[in-house]
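Notes follow once the structure below has been shown.
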Amino acid sequence: MVPLDWVDALSEGAAGEPGPETPDGVVAGLLSELNEPQREAVVHEEGPLLILAGAGSGKTRVITRRIAWLVATGRARPHEILAITFTNKAAKEMRSRIEELLPVEGMWVSTFHAMCARILRRDIEVLGSWTRDYTIYDTQDKNRLIKTITKDLGYDTKHYRPAMLGGWISEWKTERFDRTEDVGDSTDAGLGEKVFVQVRDRYEKAMRENNALDFDDLLVRVLEIFEAEPGVRDSYAHRFRYVLVDEYQDTNRIQYLLTRHLSDAHKNLAVCGDPDQSIYAWRGADVRNILDFERDFGQRAGCEVRVVKLERNYRSTKAILDAAQSLIRCNTERKEKELWTDKTECEPVRVLACADENDEAGEIARRIHDLVLGGTRTDQIAIFYRANFMQRALERALRLAGIPYQVLGGPEFYQRREVRDLIAYLQLIANPRDDMATRRVINVPARGVGDKSVAQLHTWATERGCPMIEAVLSEEGRSQIRGRARKGVQAFAELYGRLCDLNEKSAAQALESVLEETEYSTWLSQSADDQAEMRVENVEELFAHAQSYDRDQPEGGLRGFLQDVALVSDIDVWEEQSLKVTLMTLHASKGLEFPAVFVCGLEEELLPHVLALQDGGLEEERRLFYVGMTRAMQELFITHARMRLHFGETSHRIASRFLAELPEETREEKVGGKGAAVDRDSGLGSYEAPQNVVELRVGDRVEHDHFGYGVVEMLQGSGINARVTVDFQGPGRKVLLVQYAKLEVVTL
């Protein structure tokens, strides 16, 4: 037990002062039960540190004990430590473990986004366009705003989809620090690019007017502050004597630059990660950040980088590790590690060959039934898949077999209509400039205010350069509205007048007032909605969450609660203790572990996925499969089908090339009477080029399902290696494999 008077002393004093004398046994306890490489990483003193942590090697233990060791030995006080990870769940677990080791307060332990939101609450006003009461727009808010803008500009939202435009805006924001020429400067831009630029500019303007930030803004605006205001940057860089970044292989360019700024003063940067588990290139992650760490933070900075490899795996059996390592060694962009375990008595990895997706799902259900009979609990079993469409057949089979399950990444609690309504009320209280919130709640509960009236209020506000809520509160603004709608707007104005002073209240107090003033629960229960009872229960759950937040974060208040809600992710709402089989995508499985795992759909164009193959992402697809395999602790099943129904069409499938990269002793099994085992010598995992590939020429105008319209600039290679370079309107230049691109030549 750590003496409390010593713990209190640790939290006192100014930066740089010597800490209190460490009690006997405290440091020894922190280093107990660590293997030699783990201990080496924990006790590293000064300078950059790269911890190459293989799957299941105990990296969270290393990070938490290192933080506790730094404080316990007096090398840093709690407030001088910044620890960053990638999910709220991981940050909460890290914080909890540190407090168990050393119950002190003041450390910053959070995600990149939460850290940046915290910095912006203090310093955003130096940018001039936002106040500290800004709203965080999630993806749904962002897409709704883009849809409104696209319609206002007179463009078809089915052709220019909000999600697609939002993706382009996100790419522009995160990549523009490397660009020498703005995409909007081109004088001969095509229609698609002009639409993008118009929507982007309107979107950026609207975000400033609404005093709102999206997820990308949280990072980008902090970087803008650091680069424009060196004094602000230096205040944080000097404060944090030690910076630790977990899952460093998942950082993007902006996060890399933020890390450099924050660690620049003391050079005590420790990053932990595994290049073999870098699976987020599609959202900007760059595996080169960890591969080049020694060059970027060592050679270029004139420092010596300590590299520690954590290679002992505490999670998986030898059979699972052997199969996973046999696979990942086929990649070239990696740092070699030799994972090992003492769990040598184990079941082999099983590869199940199935007839079709229903056969596959049925076999998985049968195997789960056998596992449960053998003593495995349902919450110890997970099914991973590459694409969400595969979920349908799996759910049907589990329902028919009476096996309880939950889907991670299904309809999230905070995406439900009734929850978003109430959150919008709270957002409007905290940030009156948030026109999106005003639009959402002005007729909730129903007050007879239709779209036409909302548009008139918006026009009045736009002409005067003020938020919509001012149009609602103004007699002149309301005079634009006629009939029943005017009474509804008047009622909403009076309601807002009763709620607008709640922004300094706690989250639960503010929400309770909203519920009382709007009689929202009564309105829901009296509606004709067949899900009314469930929606009322969700409202009660939201209120319970607000109470819980106030109890755990008494200083957070309404603004803190809204930030917490905005940054929640799928994994944060996962019912880990629920006695159900968990279904999730391979991407969502990162960081989790289960005694029994099924990875399904090991087929060409599915895993590896066709879009990844088009973009040259074969190595990342292999890493994705590797991540799925290494979530398994005791038993691993891998399935593939000969036929699969997708988008109403049944297609013949080719077994994934990845299966041929598994060890020879991996067992291939036939499923029932319909399945067909595939002999390795007969071409398991071999590749066959699709037939009837479109003939292309340089200068052809083409259309792609995802990237839209473009012009062929270059053709290279032949046969299965043929590649085409296309300059697309909006997303820019892409190099695609011809056989997978499915380009259509557009004739004028």
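The values are calculated or read from the model by the stated rules, or taken from the named source; none is laboratory data. Being a predicted model, the structure only gives us computed values, none of them experimental. Positions of Cβ are backbone-derived with ideal geometry, glycine not excepted, and every protein chain shown enters the neighbour counts. SASA here: full protein model, heavy atoms, side chains in, ligands and nucleic acids out. Shrake-Rupley method; radii C 1.70, N 1.55, O 1.52, S 1.80 Å.
So that you can scan it fast, the table gives a plain yes or no per residue for (1) part of a loop (DSSP other than H, G, I, E, B); (2) closer than 29 Å to LEU542 by Cα; (3) at pLDDT below 90:
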site: GLU363; (1), (2), (3): no, no, no
site: HIS369; (1), (2), (3): no, no, no
site: VAL372; (1), (2), (3): no, no, no
site: THR376; (1), (2), (3): yes, no, no
site: ALA397; (1), (2), (3): no, no, no
site: GLY409; (1), (2), (3): yes, yes, yes
site: TYR414; (1), (2), (3): no, yes, yes
site: ARG420; (1), (2), (3): no, yes, no
site: TYR425; (1), (2), (3): no, yes, no
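Determine which member of the set SER527, SER578, SER589 is within 23 Å of LYS92 (Cβ to Cβ) and exposed (fewer than 15 other Cβ atoms within 10 Å of the Cβ).
After applying the criteria, what remains is SER578.
Can you tell me which residue is modelled with the highest pLDDT among those in segment 586-612 that are within 19 Å of ILE320 (Cα to Cα) and of a type in the set (D, E, K, R)?
Result: GLU593.
Looking at LEU49, LEU4, LEU10, which is the one that is of a type outside the set (Val, Ile, Thr) and modelled with pLDDT of 95 or more?
From the options LEU49, LEU4, LEU10, the qualifying one is LEU49.
If I ask for residues that are over 23 Å from the mean Cα position of the chain (by Cα) and in contact (Cβ under 8 Å) with a residue 12 or more places away in the chain, which ones from segment 199-225 would you list?
Of everything in segment 199-225, those that are over 23 Å from the mean Cα position of the chain (by Cα) and in contact (Cβ under 8 Å) with a residue 12 or more places away in the chain turn out to be VAL199, ASP201, ARG202, ALA206, ARG208, GLU209, ASN210, ASN211, ILE225.
Taking segment 427-447 on its own, how many of its residues are assigned to a loop (DSSP other than H, G, I, E, B) and of a type in the set (Val, Ile, Thr)?
2
Looking at segment 52-91 only, could you name the residues that are more than 27 Å from SER235 (Cβ to Cβ) and not hydrophobic (A, V, I, L, M, F, W, C)?
Result: GLY54, GLY56, SER57, GLY58, LYS59, THR60, ARG61, ARG65, THR87, LYS89.
Among the residues of segment 464-518, count how many are part of a helix (DSSP H, G or I), free of Cβ contacts under 8 Å to residues at least 60 places away in the same chain and not aliphatic (A, V, I, L, M).
Number satisfying all stated conditions: 21.
Identify, please: which residue in segment 432-462 is touching a Ser or Thr at 6+ places or on another chain (Cβ under 9 Å) and among the basic types (Lys, Arg) and is, among those, farthest from VAL489 (Cα to Cα)?
Per the criteria, the residue is ARG433.
Which one of these does TYR414 not meet: (1) under 26 Å from ALA212 (Cβ atoms); (2) buried (at least 21 other Cβ atoms within 10 Å of the Cβ)?
Result: TYR414 passes all but (2).
In segment 159-203, how many are at pLDDT 85 or above and exposed (fewer than 15 other Cβ atoms within 10 Å of the Cβ)?
Of the residues in segment 159-203, 4 are at pLDDT 85 or above and exposed (fewer than 15 other Cβ atoms within 10 Å of the Cβ).
Checking LEU153 against (1) at pLDDT 90 or above; (2) within 25 Å of the chain's Cα centre (by Cα): exactly one of these is not met. Which one?
Going through (1) at pLDDT 90 or above; (2) within 25 Å of the chain's Cα centre (by Cα) one by one, LEU153 breaks only (2).
Among the helices (runs of 4 or more DSSP H) confined wholly to segment 85-152, which include 2 or more residues that are within 25 Å of LEU269 (Cβ to Cβ) and either open to solvent by 30 Å² or more (accessible area, probe 1.4 Å) or out of contact with any Pro (no Cβ under 7 Å at 6 or more places or on another chain) (or both)?
88-101, 112-123
Check every one of the helices (runs of 4 or more DSSP H) wholly within segment 214-292 and list those with 1 or more residues that are of a type in the set (Lys, Arg) and touching a Leu at 6+ places or on another chain (Cβ under 7 Å).
The helices (runs of 4 or more DSSP H) meeting that bar are 215-228.
I'd like the full set of residues that are in contact (Cβ under 8 Å) with a residue 40 or more places away in the chain and among the aliphatic types (A, V, I, L, M), limited to segment 274-316.
Within segment 274-316, ILE279, ALA281, VAL287, ILE290, LEU291, ALA301, VAL305, VAL307, VAL308, LEU310 qualify.
Kindly list the number of the only condition in (1) crowded, with 18+ Cβ neighbours inside 10 Å; (2) outside any helix (DSSP H, G or I); (3) touching a helix residue (DSSP H, G or I) at 6+ places or on another chain (Cβ under 6 Å) that fails for VAL62.
It is condition (2) that VAL62 fails.
Tell me which strands (runs of 3 or more DSSP E) are completely within segment 572-651 and hold 1 or more residues being among the basic types (Lys, Arg) and over 22 Å from the mean Cα position of the chain (by Cα), or say none if there are none.
Of the strands (runs of 3 or more DSSP E) lying wholly inside segment 572-651, those with at least 1 residues that are among the basic types (Lys, Arg) and over 22 Å from the mean Cα position of the chain (by Cα) span 643-646.
Given (1) at pLDDT 75 or above; (2) open to solvent by 20 Å² or more (accessible area, probe 1.4 Å); (3) of a type in the set (Phe, Trp, Tyr), identify the lone condition not met by TYR687.
(1)
Name every residue in segment 460-488 that is more than 43 Å from the chain's Cα centre (by Cα), among the charged types (D, E, K, R) and over 15 Å from GLY450 (Cα atoms), in order of residue number.
Answer for segment 460-488, where residues must be more than 43 Å from the chain's Cα centre (by Cα), among the charged types (D, E, K, R) and over 15 Å from GLY450 (Cα atoms): GLU475, GLU476.
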